[in-house]
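Some notes on the structure that comes next.
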Amino acid sequence: MNILIIGGAGFLGYSLSKYLSKNSFKVDIIDNFSRKTSTKDIEILNENNNINLIEGNLIDLYKDKTISNDYNIIFHFAAIVGVYNVVNQPYETLSKNILLTDLAIKVALMQNKLDKFIFTSTSEVYSGAIEKELAVIPTPENTQLIIEDSYSKRATYKLSKITGEALCLNSGLPVTILRPHNIYGPRMGMSHVIPELIKKILFLKDGESLDVFSANHTRTFCYIDDAINLFYLIMQNKNTDNEILNMGAPNPEIKIIELAKILCALSKKNIKINVREIQEGSISRRCPDMNKTIKLTNYKPIFDLKTGLTNTFNWYEQNINVYS
């Protein structure tokens, strides 16, 4: 089985490619390395005999017709992500993410024996319905999607993913759409709440204060190893064809301030919590209904939140110089 991961040097793609290669799958990775990726991580990918790293922009590779047409599975991860990146590049987020998905679909359509095209959307698509109190928590996949904030810079990411979903569903491909909810772990960069908090904590001295924004908003968090296992189950399972599935952990739903307290405790520093304002565009709750995903895949998460946070904190403590 031949597998292509578009955007494969990023957080999800890196972990997935290593997992698949250990299971003797041949994996090609396309990435332009626009995100911060350590030289060591690139070397690890290059030294793996089951992984072929293709450096370049998808648009150029497609135009030059240098992409193979014998892939069985395609994962599309490429996108501008992270709140900081999105609010500072709203137009690029919308235009580039839609373009990348269009190109990924065109690459999929040229394959001779494609079994599945897997598109990673986002839990952000539920935000409008949640804020309008038109969605239940945990939130199922059949929730009506509400677009009420197209003027918002942060909303451009959500809008690009909703458009991406529509492109996929109307492409004629055997597609599975995934809506990840706060997947975290080592190597996830700095544009997400857990590594942002960890970085702040690592640079604080004993007795100093940590600013925590949107402190009483709640999230559930899914450790990367559980997410990769779920990707694998979805890839292998025909029952997931032409389905939209949540990806994440249904519990525990935890306040951001409580998350910060756990991370502070892991630092073994005496750090005070300074509650700040709610960040613009941050929804009050985010928690996936995983019943449909579990039913179709028999997925069973292994890592509890404390174990995952400990693993993540320890990794960033040793590698923070790569991202700071």
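Details
- Within straight-line cross-link reach of LYS261, aspartates and glutamates at Cα separation under 13 Å, skipping those fewer than 8 residues along the same chain: ASP211
- Cα radius of gyration and Dmax for segment 1-108 (Å): 13.8, 40
- Inverse mean reciprocal Cα-Cα distance (Kirkwood Rh) of segment 224-324, Å: 16.3
- Solvent-free Debye scattering, log10 I(q)/I(0), computed from the Cα coordinates of segment 217-267 at q = 0.15, 0.19, 0.22, 0.26 Å⁻¹: -0.56, -0.74, -0.86, -1.01
- DSSP bridge orientation in the chain - percent antiparallel, rounded to nearest 5: 5
- For LYS306, the aspartates and glutamates whose Cα comes closer than 20 Å to its Cα, not counting residues fewer than 8 places off in the same chain, are GLU196, ASP225, ASP226, GLU253, GLU258, GLU317.
- Percent carbon-and-sulfur accessible area, the chain, ignoring ligands, DNA and RNA, probe 1.4 Å: 48
- Probe 1.4 Å, accessible area per residue of the chain, Å²: 46
- For the residue pairs LYS22/LYS238; LYS40/LYS269; LYS18/LYS200; LYS199/LYS272; LYS132/LYS238; LYS96/LYS153, the C-alpha atoms sit more than 26 angstrom apart in LYS40/LYS269; LYS18/LYS200; LYS132/LYS238.
- Ranked by the mean number of other Cβ atoms within 10 Å of their residues, highest first, the peptides 182-195, 70-83 fall in the order 70-83, 182-195.
- Burial order of peptide ranges 107-117, 311-321 (average beta-carbon count within 10 Å, highest first): 107-117, 311-321
- The calculated FRET efficiency for the pair ASN242 and LYS268, based on their C-beta separation and a Förster distance of 51 Å, comes to about 0.55.
The values are calculated or read from the model by the stated rules, or taken from the named source; none is laboratory data. Computed from a prediction, not measured in an experiment: that's the story for all the values here. Every residue, glycine among them, receives a Cβ derived from its backbone with ideal geometry; neighbour counts consider all protein chains shown. Surface accessibility is based on the protein's heavy atoms, side chains included, excluding ligands, DNA and RNA. Shrake-Rupley method; radii C 1.70, N 1.55, O 1.52, S 1.80 Å.
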